[in-house]
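Enquirer: Just passing along the structure, written as structure tokens.
The values are calculated or read from the model by the stated rules, or taken from the named source; none is laboratory data. Here the structure is a predicted model, which means the values were calculated and not measured. Glycine gets a Cβ as well: all are built from the backbone with ideal geometry, and neighbour counts include every protein chain shown. Protein only, heavy atoms only, side chains kept; ligands, DNA and RNA dropped before computing areas. Shrake-Rupley method; radii C 1.70, N 1.55, O 1.52, S 1.80 Å.
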Amino acid sequence: NSCALPAATTVGGSPISAQGNVTGSNTTGATFSVTNTGVYTGVGAFQVVANSATTGVASLMTANALTTGTVLSLTSTGTIVTTGEVLNIAADTATTSTGIVRISATGLTDGFAMAITSGGANQTASGGGINLSMGAATVGTGIAVTTTGVYTGSTGLIALTANSATTGSIAVVTANGLTSGTGMLITSSGTMTTTGNLLTLTGNSAT
């Protein structure tokens with residue numbers, strides 16, 4: 001359905017222009033809300049379509065005064081199974097990109113740019129926190145961690161911690177088809193001196 005909105009139209013006492021701008025000064029509640037009580041099976045109860053756009057931003061959210069709140073919150077109380085998901089991002093025809101999903105937090109001093117919490121004690125052997133699939137790739141990098149700073153930290157650019165583990169394997173590298181390659185490669189062009197090491201193994205309590 002479509003309708004013309006005269007310039008004098010108001011929604012909840014606030015004016016709405018003929019272009020569809022919704023303004024409000026409320027401090028609680030919703031300024032704009034879309035509600036569907038049906039068992040919805042469509043492609044989107046709320047849609048933003050800009051199929052002719054080649055540059056620019058199709059959808060924009062700003063909250064410049066935000067300190068402890070959230071710009072975008074996606075929640076579901078349903079029991080998601082199999083192919084169910086809370087967020088789906090698809091760009092299957094992309095050929096080059098600096099990042100289909102990019103997170104920039106250059107002012108961050110403490111905390112993390114991304115935090116993921118999975119099932120914990122409820123997790124099964126087939127579950128996990130991150131599942132990265134490169135398909136049938138023959139070259140390329142699965143995970144790249146780079147810093148241009150003179151790194152002096154002791155926590156590690158990659159840190160694996162499982163201090164309560166007593167059995168099992170903490171890090172597993174499998175390359176069953178390997179013939180002349182290398183399972184793990186550690187290199188350094190620096191001049192090693194005194195206590196410098198390419199690999200350190202410590203088992204002080206080993207018997």
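Enquirer: So which residues in the range 105-162 are in a helix (DSSP H, G or I) and either at pLDDT 95 or above or open to solvent by 100 Å² or more (accessible area, probe 1.4 Å) (or both)? Talk me through it step by step, then tell me what you get.
Expert: Going through the range 105-162, the residues in a helix (DSSP H, G or I) turn out to be 120-122.
Once the filter is applied, which keeps residues that are in a helix (DSSP H, G or I) and either at pLDDT 95 or above or open to solvent by 100 Å² or more (accessible area, probe 1.4 Å) (or both), the range 105-162 yields ALA121, ASN122.
Enquirer: Please go through the range 163-207 and give me each residue that is among the hydrophobic types (A, V, I, L, M, F, W, C), open to solvent by 70 Å² or more (accessible area, probe 1.4 Å) and either touching a Lys or Arg at 6+ places or on another chain (Cβ under 6 Å) or farther than 19 Å from ILE143 by Cα (or both), ordered by number.
Expert: Those that are among the hydrophobic types (A, V, I, L, M, F, W, C), open to solvent by 70 Å² or more (accessible area, probe 1.4 Å) and either touching a Lys or Arg at 6+ places or on another chain (Cβ under 6 Å) or farther than 19 Å from ILE143 by Cα (or both): LEU178, MET192, LEU198, LEU199, LEU201, ALA206.
Here's the yes/no breakdown for (1) within 15 Å of the chain's Cα centre (by Cα); (2) over 30 Å from VAL22 (Cβ atoms); (3) of a type in the set (A, V, I, L, M, F, W, C):
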residue: GLY56; (1), (2), (3): no, no, no
residue: THR62; (1), (2), (3): no, no, no
residue: ALA65; (1), (2), (3): no, no, yes
residue: LEU74; (1), (2), (3): yes, no, yes
residue: THR93; (1), (2), (3): no, yes, no
residue: ILE116; (1), (2), (3): yes, yes, yes
residue: GLY119; (1), (2), (3): no, yes, no
residue: GLY127; (1), (2), (3): no, yes, no
residue: THR161; (1), (2), (3): no, yes, no
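Enquirer: Can I ask one more? Among the candidates LEU74, LEU66, LEU87, LEU60, single out the residue that is open to solvent by less than 80 Å² (accessible area, probe 1.4 Å), assigned to a loop (DSSP other than H, G, I, E, B) and not basic (Lys, Arg).
Expert: On the way: LEU74 fails: open to solvent by less than 80 Å² (accessible area, probe 1.4 Å); LEU87 fails: open to solvent by less than 80 Å² (accessible area, probe 1.4 Å); LEU60 fails: open to solvent by less than 80 Å² (accessible area, probe 1.4 Å).
Exactly one of LEU74, LEU66, LEU87, LEU60 is open to solvent by less than 80 Å² (accessible area, probe 1.4 Å), assigned to a loop (DSSP other than H, G, I, E, B) and not basic (Lys, Arg), namely LEU66.
Enquirer: Need pairs with beta-carbon distance below 7 Å; first residue more than 15 Å from THR67 (Cβ to Cβ) and within the range 102-119, second β-branched (Val, Ile, Thr) and exposed (fewer than 10 other Cβ atoms within 10 Å of the Cβ); sequence gap 6+ or separate chains.
Expert: ALA113/ILE103; MET114/ILE103; ILE116/ILE130
Per-residue answers, yes or no, for (1) surrounded by 10 or more Cβ atoms within 10 Å (Cβ to Cβ); (2) modelled with pLDDT under 95; (3) not in a loop (DSSP other than H, G, I, E, B):
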residue	(1), (2), (3)
PRO15	yes, yes, yes
GLY20	no, yes, no
THR41	no, yes, no
ALA50	yes, yes, no
THR82	no, yes, no
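Enquirer: Could you grab the pairs with beta carbons closer than 8 Å, sequence gap of 6+ or different chains, first residue in the range 24-35 and farther than 17 Å from THR9 by Cβ, second one open to solvent by 80 Å² or more (accessible area, probe 1.4 Å) and of a type in the set (Phe, Trp, Tyr)?
Expert: As it stands, the answer is VAL34/PHE46, since those pairs meet every condition given.
Enquirer: Follow-up question, since we're still on this one. Which residue pairs have Cβ atoms under 7 Å apart, sit 6 or more places apart or on different chains, and have a first residue in the range 145-157 that is under 17 Å from THR106 (Cα atoms) and a second that is aliphatic (A, V, I, L, M) and open to solvent by 100 Å² or more (accessible area, probe 1.4 Å)?
Expert: Pairs that qualify, where the first residue is under 17 Å from THR106 (Cα atoms) and the partner is aliphatic (A, V, I, L, M) and open to solvent by 100 Å² or more (accessible area, probe 1.4 Å), are VAL145/ILE158.
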